[in-house]
Ligand code: PNW
């Protein structure tokens, strides 16, 4: 197997607006659903909020210098909708747009390609008050917002992502309620999933109409690498159900122009799907220039009773009988099993399923309990091991024909890890939340060597 990444392979790092920016009241920004959620007692661990986060809004120039020292070829960030269109409709905030112009110009000046995600979960609260993603209207508001950002930044950003992980927005936001807006209504979650897909389709149309021809448009999904615990018909059916509710619910309309029939059957007791209109499937299937894949860990499911009793509302309405099992292997601080084979599976699946569609790994990484030593250095050998094994797997997929143009480590910086607050650190750069000082971890130095050499071997000898 080749140990060398292809010439021109793009090495990046990713963040998201609410997780890093802070400055939630600056320049006319209004609350997003995550401001409301994090300020509601009991929703986020230890009452943490994104009010300050990494203060990236005021320290972006320092962060771009860090990226430049890492040798990054690309930086994936998201635009905060309520920062650039405070009420979720109507006029833009020029001050908000100016922040992203400054960030993008600074990236370009350092030779770092900006990769812009329009929606990484921070819906303007006003739109949630009007019904949020379960309402069709929200998809149209997203298309207007997409056009507004494209008009302002289309001259300098080439890579555009409509949505980040619509599965999380729909099912963690509206079914389990562990994410904003914290609702627990299975039917609403299915409606939300459809309107997120519709928002993607309308958003791509708006971007195509506004952006120069050279621009590339994508979506970032978190496909679930789901396996059956056994080969029994019951466990295989459990796998099929989760595949429908986690994967094909989005890839069906977005990539193939139709919902899978089994999804409708499985969820018939929850909704009749009458909110899907005749032309929606055609609107949602827009030609894409590439597909973003976020990967952390695989899933193992069975039909039988599992390790743990089900707790709280399900993230998979229509698959209430399915049990999730902890896959074998070491775990990260999230409790997620380290198993890169799921990444290989997904890359090969998409290159078979959608021939000719280039892929990028838009997120991959791990949380560990990083702490500075008495000299202030942060050693994170587990993260190096995690990234190393996943990049090895990526090399194998490339050798087997997967068309992957880039890799984005999640995350550049430790940041606000949603319902876990600041307790989970995903960064290759440590953030001291008292001083907001940035300290590159050993993994950052390791990543710099991988980027510099395009090889994994050098990094391994030196750092593990
Ligand atoms: C992704 N799940 O979130 C997000 O895109 C990032 O913003 C986040 O920081 C990162 O992964 C690490 O969590 C997920 O429960 C959150 O299946 C939860 C799940 C999946 C992805």
Close pairs from the stretch 212-228: first free of Cβ contacts under 8 Å to residues at least 60 places away in the same chain, partner more than 16 Å from the ligand (Cβ to nearest atom) and assigned to a loop (DSSP other than H, G, I, E, B), Cβ under 9 Å, at least 6 apart: 212/154; 212/155; 212/158; 214/158
Members of the stretch 115-132 that are away from the ligand (no atom under 16 Å from the Cβ) and closer than 30 Å to residue 12 by Cα: 124
Sole exception among (1) farther than 14 Å from residue 220 by Cα; (2) outside any helix (DSSP H, G or I); (3) within 16 Å of the ligand (Cβ to nearest atom); (4) out of contact with any helix residue (DSSP H, G or I) (no Cβ under 7 Å at 6 or more places or on another chain) for residue 268, by number: (3)
So residue 313, is it within 23 Å of the chain's Cα centre (by Cα), modelled with pLDDT under 95 and more than 12 Å from the ligand (Cβ to nearest atom): yes
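Looking only at the stretch 186-204, which residues are more than 23 Å from residue 287 (Cα to Cα) and in contact with a helix residue (DSSP H, G or I) (Cβ under 6 Å, 6 or more places away or on another chain)?
188, 189
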Residue match in the stretch 51-58 (condition: surrounded by 20 or more Cβ atoms within 10 Å (Cβ to Cβ) and part of a loop (DSSP other than H, G, I, E, B)): yes
Residue satisfying condition, being under 30 Å from residue 36 (Cα atoms), away from the ligand (no atom under 15 Å from the Cβ) and more than 22 Å from the chain's Cα centre (by Cα), within set 231, 187: 187
Hits in the stretch 15-37 - residues which are within 16 Å of the ligand (Cβ to nearest atom), touching a helix residue (DSSP H, G or I) at 6+ places or on another chain (Cβ under 9 Å) and not in a helix (DSSP H, G or I): 15, 21, 22, 32
Set 397, 444, 419: member being at pLDDT 95 or above, under 26 Å from residue 39 (Cα atoms) and part of a helix (DSSP H, G or I): 419
Residue 347 surrounded by 20 or more Cβ atoms within 10 Å (Cβ to Cβ) and either modelled with pLDDT under 95 or in contact with a strand residue (DSSP E or B) (Cβ under 7 Å, 6 or more places away or on another chain) (or both): yes
Identity of the residue in the stretch 234-265, in contact with a strand residue (DSSP E or B) (Cβ under 6 Å, 6 or more places away or on another chain) and away from the ligand (no atom under 16 Å from the Cβ), that ends up nearest to residue 336 (Cα to Cα): 239
Residue in the stretch 271-284 that is assigned to a loop (DSSP other than H, G, I, E, B), in contact with a strand residue (DSSP E or B) (Cβ under 9 Å, 6 or more places away or on another chain), surrounded by 15 or more Cβ atoms within 10 Å (Cβ to Cβ) and at pLDDT 95 or above present: no
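In the stretch 414-456, how many are closer than 20 Å to residue 375 by Cα and either within 11 Å of the ligand (Cβ to nearest atom) or in contact with a strand residue (DSSP E or B) (Cβ under 9 Å, 6 or more places away or on another chain) (or both)?
15
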Output for the stretch 319-357, where each listed residue is assigned to a loop (DSSP other than H, G, I, E, B) and more than 19 Å from residue 222 (Cβ to Cβ): 320, 321, 328, 329, 330, 355, 356
Qualifying residue in the stretch 202-214 (condition: within 15 Å of the ligand (Cβ to nearest atom) and either surrounded by 19 or more Cβ atoms within 10 Å (Cβ to Cβ) or under 15 Å from residue 246 (Cα atoms) (or both)): no
Failed criterion for residue 362 (all others in (1) within 14 Å of the ligand (Cβ to nearest atom); (2) assigned to a helix (DSSP H, G or I) hold): (2)
Evaluation of residue 40 against (1) away from the ligand (no atom under 16 Å from the Cβ); (2) touching a residue at least 60 places away in the same chain (Cβ under 8 Å); (3) surrounded by 15 or more Cβ atoms within 10 Å (Cβ to Cβ); (4) in a loop (DSSP other than H, G, I, E, B) (one fails), failing number: (3)
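The values are calculated or read from the model by the stated rules, or taken from the named source; none is laboratory data. Note that this is a predicted model, so its numbers are computed, not measured. Here Cβ is always computed from backbone atoms with ideal geometry, including for glycine, and neighbour counts include all displayed protein chains.
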